[in-house]
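The values are calculated or read from the model by the stated rules, or taken from the named source; none is laboratory data. What you see is a predicted model; the values in this text were computed from it and never measured. FYI the Cβ positions are ideal-geometry reconstructions off the backbone, even for glycines, and counts take in every protein chain you see.
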Amino acid sequence: MSSSWPLRLVLLGALAASCASHRPPPEPGVLAVAEEQSASFTRNFNPLLYSGDVRWPARHAMYEPLFIYNPLTGAYVPWLAEAYAWSEDRLLLRLRIRQGVRWSDGAPFTARDVAFTFRLLSRHPALDVQALWQHLADVRAPDDATFEISMKRPHVPLLEAIAQQPIVPEHVWSGVADPMAFANEHPIATGPFTEVTSFKNQVYEVARNPYYWQPGVPAVRALRFRAHPSNEQMLLALLGNELDWACEFIPAVERIWQRPDPHHHHWFPLLDSTIFLYPNTARKPLDDARVRKALSLAIDRALLVKVAVHGYSRPADGTGLSDAHARYRDGAAAAEGDWVGHDPARAARLLDEAGFPLHGGRRALALTIQVPAGYSDWVAAAQIISRDLRRVGVEAAVRTSDFSAWFDRLGRGDYTLALGWSELSASPYGFYRALMSRKTVQPLGETAPENWPRFGLAAADELLDALDATSNPEEERRLVVGLERLFAKHAPAIPLYPAPSWGQFNDTRFTGFPDAAHPYAPLSSSLEPQTLLVLTRIAPR
Amino acid sequence: MTAALHLLRRLGFYLLAAWASVTLAFVVPRLMPGDPAQAVFARLRGRLKPEAVEALRAALGFTDASAGRQYLRYLGHLARGDLGVSISHYPASVASVIAGALAWTLLLVGMAVLLSFTLGSLLGLLAAWRRGRWLDATLPPLLTFAGALPYFWVAMLALFTGGFTLGWFPVRHAYDESLTPSFSFAFVASVVRHAVLPAATVIVATVGGWMLSMRNTALRTLSEDYVLLARAKGLSPARIMFAYAGRNALLPNLTGFGMELGFVLSGSLLTEIVFSYPGQGYLLLRAVQSLDYPLIQGLFLTITLAVLGANWLVDLATVWLDPRTRT
C-alpha cells in the first residue's frame with residue numbers, strides 16, 4: 001500500500017464522476033418552480049388541508065377559487081364565478097357561477113360542486129380554517145349557475161375567504177370518508193395543471209389539464225418541483241438556471257442575482273404584512289401611549305431598513321399599513337401618526353412627561369425585546385432598536401429564543417417588547433381588528449392568537465361593526481380612514497417597515513412574468529391563489 | 001457459559017435503557033413551550049383564523065387527558081408497533097415518514113461511518129507500525145486539522161467547488177431525477193455518484209479521530225511482550241501487524257465505533273441540509289421545530305433501537321475478539 005493511494009482514489013473518483021454530465025438540458029415547456037423548503041416530498045394534493053403537508057400545486061395550480069383577489073389592483077378577478085352581489089341587508093350573497101367549466105376528468109363543473117365544498121367545511125370544522133361557518137347560516141345552489149350564501153349576521157369582510165375558497169368536485173369527494181386524512185394522490189380539479197405525471201420523493205411533475213376552461217391556456221406544458229431543504233440549495237439552483245420561478249430572499253440581489261445574467265429578474269413589492277415592534281400594553285409602563293410613542297420616535301427606521309432589510313423596504317408610516325393596502329392610506333391620517341419619525345429629542349421630552357426622567361444618563365425603564373432565534377433580519381432590527389433606545393436612556397436588551405418559545409410568550413403576554421408580523425388580508429379590517437378591537441383582547445396568561453399588544457378601543461369596535469355591514473367602496477374607505485386615525489392617535493403598536501414579498505424569475509425559457517413594469521399580479525410564487533394569475537399568463541419562448 | 005451469561009446480562013441492561021429512552025422521548029417534547037396546534041397556527045401566519053384552532057386541535061387528536069393516561073396509551077400503542085400520525089407531515093403516518101428517510105440515512109451515513117472507521121483504523125495501524133516515518137509525520141496533524149474545520153463550511157466548500165463550479169458531482173438529491181428507483185446499473189451508479197460528495201465530507205471530518213486513537217493504542221500494543229515474542233518467532237510482519245497488534249488495538253476503538261454506528265440513525269443533519277439528502281436528521285429538525293410529538297417520539301425510538309442494536313453487535317464482536325470475556 002503506497003502512501004499516495006488516497007490521492008489516487010480521489011482522482012479516480014473525480015474522473016469517474018466527470019464522465020457523465022449532471023446538468024441535462026431542461027425539457028422544453030417544463031417550468032421549474034420552487035416549492036417550500038423540504039428534503040423530500042410526501043404525495044398529498046388535498047387543497048382543503050391547510051394544516052397538513054400538502055404539495056404546492058394543490059392550492060396554487062390545481063384547485064381554483066370563485067374569485068382571485070389581486071392586491072395590486074384591489075379587484076376580485078372573476079374565476080370560477082363571474083359576478084357577486086350582496087342583498088340590501090348584507091345577509092345574502094348571490095354568486096353567478098361560470099358555465100362551460102369542466103373538471104380534469106371531463107365532468108361538468110356546476111354550482112352544486114360549490115355548495116358541496118362549503119357544506120363539507122361545515123361537517124369538518126378542522127378543514128374550515130377561515131372559520132366561515134361562524135358566520136354562515138346556509139348555502140344552496142338553486143340552479144347550476146347560481147350559488148347563494150345566507151349569513152347569520154352581516155360580515156362583509158368575509159367575502160375574501162368565500163371568494164378564495166378552493167372548490168372540490170362533488171362526484172369525487174362525496175365518496176371520501178375522512179377528508180382530513182385524504183391524501184388525494186390522483187387529483188381531479190378545474191385548474192390549469194392537474195395531471196401528476198411522475199412523483200418521486202425528491203422530484204415530481206404536474207402536467208396541464210386537458211379540459212382547462214380558458215382557451216389556449218396554459219401555454220406551459222408542465223410544472224416541475226425539486227426538493228431544496230435550504231436557502232443555499234435554493235440559491236444554487238437559481239444561479240445554475242435550474243429554477244424558473246421562486247420566492248427567495250436574496251441579499252444584495254442586484255450583485256448576486258440580477259447582474260450576472262440579463263435573464264435574471266426580481267421584484268420585491270412591499271405587499272407582505274407590516275413588521276411591528278409590539279409593546280405589551282396590558283402592563284406598565286407600556287399602557288401609556290406617550291411611552292409607546294417615545295420609543296417609536298427614538299428608532300432610526302431609515303437605518304434599520306437599510307441594515308436589517310438590505311434596503312428592500314421603507315420606514316412604516318403613521319397608519320401602519322403595508323403597500324397591499326396602499327389605496328386605503330389617507331395622507332392626513334399618516335401625518336397625524338408623526339410619532340413614526342426619528343426624533344430622539346421629542347422622545348426624551350415625552351419620556352420626561354410620562355414620569356421617566358433621566359437619572360445619571362438612564363431612565364427607570366427596564367425592557368427586553370423578544371425575537372425568534374434564526375430570524376436574522378429581525379434580530380438585526382432588534383439590535384438597532386436596542387441601540388437607539390439606549391441613546392434616549394432606555395435599556396432594552398435583545399432576547400432571542402426558539403420560535404415556539406417566542407410565539408408562546410407573545411400569545412400569553414409574557415413580554416414587554418417583541419418583534420412580530422401583523423395580520424394581512426384583502427382589506428385593512430382584519431389588520432386593525434387585530435390591533436385595536438376589544439373583542440380580540442385576551443386576559444394576560446391566556447393565549448391570544450391575535451392582538452398581541454392586548455389593546456382595545458370602543459371607538460375602533462364601532463367602526464369595525466360598521467365595516468361588517470357595508471359593501472359600498474366609498475363608505476368602506478371612510479370607515480378604514482377612521483381606523484387609521486385611531487391608530488395614529490393611540491399608537492397601539494409600533495410599526496417598523498412593510499415586509500417585501502420576495503419573487504424572482506428567469507426569462508431564458510419563459511416570458512410573461514409580472515414585474516415592476518408589468519404589475520398585473522404579485523410575482524411571489526408562494527401567494528395562493530394569485531399564482532393562478534401568473535400560471536395562466538406565462539408562455540414558453 | 002460465562003459468555004452467554006455476560007450477553008444475557010447486557011440484554012437485560014438494554015431493555016432497561018430502551019424503556020428509559022422511550023419515556024424520555026415522551027417527556028422531553030412536552031417540556032417545550034407551546035403545543036403542536038399552536039405551531040401549525042404560527043406556521044400558517046394568518047391563513048388560519050384563530051377560531052379554527054380549537055377544531056384543529058381536536059382533529060389532530062389532542063385531549064385534555066392527564067399526562068399519566070397519555071403515557072400509558074403511548075406505551076400501549078408503542079407495544080402494538082403503532083407510532084401514530086405525524087403532525088408536520090399530516091396525514092402521513094410516522095412509520096411511513098420515517099420509512100422514507102431511514103434507508104437513505106443508513107446508506108449514506110452508515111457507509112460513510114463504516115468507511116471512515118475502516119480507513120482511520122488502517123491508517124492508524126500503519127502509522128504506528130511505521131512510527132516516525134512519512135505517513136506518521138504528516139497524516140495525523142493534517143487529518144486532525146481537517147476534522148477541526150467547521151463541518152458546515154467544509155461541506156459548503158465541497159458542494160460549491162466539486163458540485164457547482166467544476167460540475168463533477170451532482171449538487172443535490174440521492175439519485176438522478178430522470179431515474180426511477182430499481183436495482184439497475186444506471187440507478188445504482190447514480191446513487192453512488194450522488195453519495196460521493198456528502199460521504200467524502202463526513203469521512204474527511206471524522207477519519208482523523210479514528211486514525212489518531214488507533215495509532216495511539218496500536219503503539220502501546222506494539223510494545224507488548226507478546227508482539228516481541230511474535231517477532232522472535234519469525235512470524236510475517238503482516239500477521240504481527242493485523243492478527244497480533246491490530247486485533248488488540250481495535251478493542252477500545254470498537255466501543256466508540258458502536259456508539260457512532262448507533263448515532264448514524266440520528267442522521268447527519270448538516271450533510272443532509274447542505275446536499276439536499278432525504279434523511280432522518282432533517283426530519284428530526286423539522287419535527288422539533290413544529291413540535292411534532294409523534295414524529296419526535298418515533299425518531300427517538302429508531303435512534304434508541306439503533307444505538308442499543310449497535311452496542312449489542314459490539315458486545316458480540318468483543319466476545320469474539322477478546323478471549324478474556326469468554327472465560
Only one of (1) crowded, with 21+ Cβ neighbours inside 10 Å; (2) aromatic (F, W, Y); (3) more than 11 Å from chain A (Cβ to nearest Cβ) fails for B:F145. Which number is that?
(1)
Just name the residue that is nearest to A:A39 (Cα to Cα) out of those in segment A:229-243 that are touching a residue at least 60 places away in the same chain (Cβ under 8 Å) and within 8 Å of chain B (Cβ to nearest Cβ).
A:P229
Are any residues in segment B:53-70 in a helix (DSSP H, G or I), small (G, A, S) and over 30 Å from A:Q130 (Cβ atoms), and if so, which ones?
B:A67, B:G68
Under the condition of being among the basic types (K, R) and within 11 Å of chain A (Cβ to nearest Cβ), which residue from segment B:21-53 is surrounded by the most Cβ atoms within 10 Å (Cβ to Cβ)?
B:K49
Please go through segment A:345-368 and give me each residue that is of a type in the set (A, V, I, L, M) and either exposed (fewer than 13 other Cβ atoms within 10 Å of the Cβ) or assigned to a strand (DSSP E or B) (or both), ordered by number.
A:A345, A:A366, A:L367
Counting only residues that are part of a loop (DSSP other than H, G, I, E, B) and out of contact with any strand residue (DSSP E or B) (no Cβ under 8 Å at 6 or more places or on another chain), which one in segment A:272-290 is surrounded by the fewest Cβ atoms within 10 Å (Cβ to Cβ)?
A:K284
Determine whether B:G68 is more than 10 Å from chain A (Cβ to nearest Cβ), on the phi < 0 side of the Ramachandran plot, at pLDDT 80 or above and buried (at least 20 other Cβ atoms within 10 Å of the Cβ).
no
Could you pull out the residue among A:S150, A:S122 that is within 14 Å of another protein chain (Cβ to nearest Cβ) and either without any contact (Cβ under 8 Å) to a residue 12 or more places away in the chain or outside any loop (DSSP other than H, G, I, E, B) (or both)?
A:S122
Give me a count of the residues in segment A:511-541 that are at pLDDT below 95 and within 12 Å of A:V217 (Cα to Cα).
0
Considering each of B:L212, B:L261, B:L222 in turn, give the residue that is over 30 Å from A:F407 (Cα atoms) and under 17 Å from the mean Cα position of the chain (by Cα).
B:L261
Residues of segment B:19-38 satisfying the condition of being at pLDDT below 90 and among the small types (G, A, S):
B:S21, B:A25, B:G34, B:A37
Restricting segment A:221-246 to residues that are among the small types (G, A, S) and under 17 Å from B:E177 (Cα atoms), which is surrounded by the fewest Cβ atoms within 10 Å (Cβ to Cβ)?
A:G240
Determine if segment A:385-399 includes at least one residue that is within 14 Å of chain B (Cβ to nearest Cβ), within 23 Å of A:D272 (Cβ to Cβ), surrounded by fewer than 20 Cβ atoms within 10 Å (Cβ to Cβ) and of a type in the set (D, E, K, R).
no
Given (1) more than 14 Å from chain B (Cβ to nearest Cβ); (2) of a type in the set (F, W, Y); (3) within 30 Å of B:G167 (Cα to Cα); (4) outside any loop (DSSP other than H, G, I, E, B), A:F249 misses just (4)
Out of everything in segment B:170-185 that is at the interface with chain A (Cβ under 10 Å from one of its Cβ atoms) and among the small types (G, A, S), what residue ends up being surrounded by the most Cβ atoms within 10 Å (Cβ to Cβ)?
B:A174
State the number of residues belonging to segment A:113-138 that are touching a strand residue (DSSP E or B) at 6+ places or on another chain (Cβ under 9 Å) and surrounded by fewer than 19 Cβ atoms within 10 Å (Cβ to Cβ).
4
Identify, by number, the condition in (1) at pLDDT 95 or above; (2) in contact with a Gly (Cβ under 9 Å, 6 or more places away or on another chain); (3) of a type outside the set (D, E, K, R) that A:Y497 doesn't meet.
(2)
Out of (1) more than 15 Å from the chain's Cα centre (by Cα); (2) modelled with pLDDT under 85; (3) farther than 27 Å from B:F26 by Cβ; (4) of a type outside the set (F, W, Y), the odd one out for B:L235 is which?
(2)
With the condition being farther than 26 Å from B:K49 by Cα, I'd like the helices (runs of 4 or more DSSP H) fully within segment A:373-454 carrying at least 2 qualifying residues.
A:376-391
Name the residues in segment B:186-208 that are within 13 Å of chain A (Cβ to nearest Cβ) and small (G, A, S), would you?
B:A186, B:A189, B:S190, B:A195, B:A199, B:A200, B:G208
Going through segment B:71-96 one residue at a time, which ones are within 14 Å of another protein chain (Cβ to nearest Cβ) and assigned to a loop (DSSP other than H, G, I, E, B)?
B:G84, B:S86, B:I87, B:S88, B:H89, B:Y90, B:P91, B:A92
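Every residue, every condition in (1) touching a residue at least 24 places away in the same chain (Cβ under 8 Å); (2) over 24 Å from A:F403 (Cβ atoms); (3) of a type in the set (V, I, T), yes or no:
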| site | (1), (2), (3) |
| --- | --- |
| B:R30 | yes, no, no |
| B:P33 | no, no, no |
| B:F41 | no, no, no |
| B:R45 | no, no, no |
| B:P50 | no, no, no |
| B:R57 | no, no, no |
| B:L78 | yes, yes, no |
| B:S86 | yes, no, no |
Flagged pairs (Cβ under 7 angstrom, 6 or more apart or on separate chains; first in segment B:1-28, over 26 Å from B:D292 (Cα atoms); second among the polar types (S, T, N, Q)) are B:T2/B:T327; B:A3/B:T325; B:H6/B:T325
If A:A177 passes every condition in (1) surrounded by fewer than 24 Cβ atoms within 10 Å (Cβ to Cβ); (2) in contact with a helix residue (DSSP H, G or I) (Cβ under 7 Å, 6 or more places away or on another chain) but one, which one does it miss?
(2)
Please determine, by comparing only the residues of segment A:211-246 that are touching a helix residue (DSSP H, G or I) at 6+ places or on another chain (Cβ under 9 Å), among the charged types (D, E, K, R) and not in a loop (DSSP other than H, G, I, E, B), which one is farthest from A:N201 (Cα to Cα).
A:E232
B:G167 versus (1) surrounded by fewer than 18 Cβ atoms within 10 Å (Cβ to Cβ); (2) among the small types (G, A, S); (3) in a helix (DSSP H, G or I): which is the lone unmet condition?
(3)
B:A137 vs (1) of a type in the set (G, A, S); (2) touching a residue at least 40 places away in the same chain (Cβ under 8 Å); (3) more than 8 Å from chain A (Cβ to nearest Cβ): all pass except (2)
Can you give me the number of residues within segment A:291-317 that are in contact with a Phe, Trp or Tyr (Cβ under 7 Å, 6 or more places away or on another chain), within 23 Å of A:Y432 (Cα to Cα) and part of a loop (DSSP other than H, G, I, E, B)?
4
